[in-house]
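These notes concern the structure reproduced below.
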Amino acid sequence: MVDVLIVISGLPGTGKSAIAEAVAAELDAVHLSIDVVEDALLGAGLPPSWQTGVAAYETVRAAAEQNLALGRTVVVDAVNDSTAARMTWIVGAERAQADLTFVLLTLDDGDEHRRRLESRQRSFLHLPEPTWSDVQLRAASYETWNDTVLQLSAAEPVHEIAQTILQHLP
């Protein structure tokens with residue numbers, strides 16, 4: 001079986017982590033989250049900045065490559081709002097000679113998106129939760145996808161989204 005890197009993308013609050021966890025559990029895969037790593041980097045004293053965000057992406061890429069080299073399927077959850085961020089995974093997949101599947105979660109119902117964002121409870125000690133205003137600003141600057149991406153509505157139940165992703169894997 002060919003190694004597979006699955007990257008679950010979308011705005012904060014769309015359910016990336018829940019979907020990534022469900023897909024990873026189904027595949028007995030490694031799940032890596034940018035937010036977990038960024039929280040650790042901030043806890044180690046790095047300042048909140050775009051450089052720290054890039055460091056989190058690069059750290060997760062390196063961990064993904066290492067796990068792919070061991071023959072593990074890897075599922076990453078990350079916002080991936082720019083071409084540069086997406087290139088991280090393209091480079092990682094190429095280095096590991098793995099198939100790459102991009103998934104983009106969207107949630108068109110603004111009220112539901114805001115409700116999810118504001119009601120989620122995560123255990124981060126250093127990574128601040130984005131506000132609804134932050135998410136709206138990020139949405140306005142979210143770069144268009146030029147790569148092949150499986151776009152799915154995050155309005156569907158987690159298990160249904162996970163099953164759809166599994167059906168589209170190589």
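Values quoted throughout were computed directly from the atomic coordinates according to the rules given, and no laboratory measurement underlies them. Here the structure is a predicted model, which is why all the values come from computation and not from measurement. FYI the Cβ positions are ideal-geometry reconstructions off the backbone, even for glycines, and counts take in every protein chain you see.
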>> Can you give me the distance in nm between label points at residue 164 and residue 132, each placed 7 Å from the Cα along the Cα-to-Cβ direction?
In response: 2.5 nm
> What distance in nm separates the simple spin-label points at residue 95 and residue 69, each placed 7 Å from Cα in the Cβ direction?
Replying inline: 0.9 nm
> Among 41, 78, 133, whose Cα sits farthest toward the positive end of the charge dipole of the chain (+1 at Cβ of Lys/Arg, -1 at Cβ of Asp/Glu, about the Cα centre)?
Replying inline: 41
> Using helices alone, what [θ] at 222 nm do you get for the chain, with -39,500 (n - 2.57) per DSSP H run of 4 or more residues, divided over all residues and rounded to the nearest 500?
Replying inline: -16000 deg cm²/dmol
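Want the number for residue 139 to residue 118: 0.36 nm per residue separation, take away the alpha-carbon distance, what's left? Walk me through the intermediate numbers first.
On the way: separation 21, 0.36 × 21 = 7.56 nm, distance 1.63 nm.
Contour length minus the Cα-Cα distance gives 5.9 nm.
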> Which residue, chosen from 89, 8, 53, occupies the Cα position most advanced towards the positive end of the dipole of the chain, where the dipole is computed from +1 (Lys, Arg) and -1 (Asp, Glu) charges on Cβ about the Cα centre?
Replying inline: 53
>> If you average the C-alpha positions of the range 25-103 and of the range 112-141 separately, how far apart do those two centres end up, in angstrom?
In response: 20 Å
> Which one, (1) 19.2, 65; (2) 15.2, 43; (3) 16.1, 54, gives Rg and Dmax of the Cα atoms in Å as derived from the coordinates shown?
Replying inline: (2)
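How much length is gained on full extension from residue 83 to residue 106, taking 0.36 nm per residue of separation minus their Cα-Cα distance? Provide the component values of the computation, followed by the final result.
On the way: separation 23, 0.36 × 23 = 8.28 nm, distance 1.74 nm.
Between residue 83 and residue 106, full extension yields an extra 6.5 nm.
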